[in-house]
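The values are calculated or read from the model by the stated rules, or taken from the named source; none is laboratory data. On a predicted model such as this, the values are computed, not experimentally measured, just so you know. Heads up, the Cβs are rebuilt from the backbone with ideal geometry, glycines too, and the neighbour counts pull from every protein chain shown. When the accessible area is computed, the model is the full protein with side chains, heavy atoms only, and any ligands, DNA or RNA have been set aside. Shrake-Rupley method; radii C 1.70, N 1.55, O 1.52, S 1.80 Å.
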Amino acid sequence: KGRVLYGLHWAVPPIRERAFCIVVEGYMDLVTLAQEGIRNVVASMGTSLTEAQVQLIRKHTRHVVMIYDGDYAGQMATLRGLDLFLEQEMRVKVVGLAGNLDPDSMIRSQGVAAMIQAIQQSQDLFDYKLGLLKRSFDPKTLEGRVGICAEMLPTIKRVPNAIHRGEYIKRL
């Protein structure tokens with residue numbers, strides 16, 4: 001399971017055409033997106049994206065939009081996946097879904113236009129992670145800022161490009 005991406009064989013032409021790949025957790029998320037015309041999507045089949053899966057995506061594009069479930073497990077899985085993509089020098093954006101929404105339920109409740117808008121407004125990985133950390137740590141306190149930095153620096157350290165790394169450190 002860790003060496004396979006559900007739907008990759010169908011998604012390769014649209015991934016190359018659109019120049020980015022959408023990564024979701026489950027096959028129902030993929031099926032719903034594909035039925036609505038969003039076909040540059042693959043599913044990791046669970047929350048544990050692997051290095052082998054990231055390398056499969058990298059063969060076709062270096063640009064990824066992650067849309068994992070909005071629950072805590074989905075957020076944590078997104079953060080783990082971000083680090084894997086960074087190590088492979090890929091550009092990563094994230095659609096942060098609210099509450100317990102997943103891509104399938106969001107499309108069913110809000111429509112495909114809302115999903116397309118969310119994809120277009122996806123956040124840079126740095127901004128996504130920083131936003132999550134600001135909800136866990138109070139950035140107005142010294143302890144909060146230390147906690148945020150302690151969580152962000154290992155991610156920044158994984159960025160292979162020194163210029164990008166320096167820019168992230170400045171932003172932090």
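Observations
- Selected residue [touching a helix residue (DSSP H, G or I) at 6+ places or on another chain (Cβ under 7 Å) and either open to solvent by 30 Å² or more (accessible area, probe 1.4 Å) or at positive phi (or both)] from LEU5, LEU56: LEU56
- Subset of the range 71-84 [within 15 Å of LYS129 (Cβ to Cβ), open to solvent by 10 Å² or more (accessible area, probe 1.4 Å) and either touching a residue at least 12 places away in the same chain (Cβ under 8 Å) or of a type in the set (A, V, I, L, M, F, W, C) (or both)]: GLN75, MET76, LEU79, ARG80, ASP83, LEU84
- Test: residue in the range 43-53 that is under 15 Å from VAL92 (Cα atoms) and crowded, with 21+ Cβ neighbours inside 10 Å: yes
- Residue satisfying all of: in the range 123-163; among the basic types (Lys, Arg) and not in a helix (DSSP H, G or I); most open to solvent (accessible area, probe 1.4 Å) among these: LYS140
- Answer residue from the range 88-122, given it is out of contact with any Ser or Thr (no Cβ under 7 Å at 6 or more places or on another chain) and β-branched (Val, Ile, Thr) and is most open to solvent (accessible area, probe 1.4 Å) among those: ILE116
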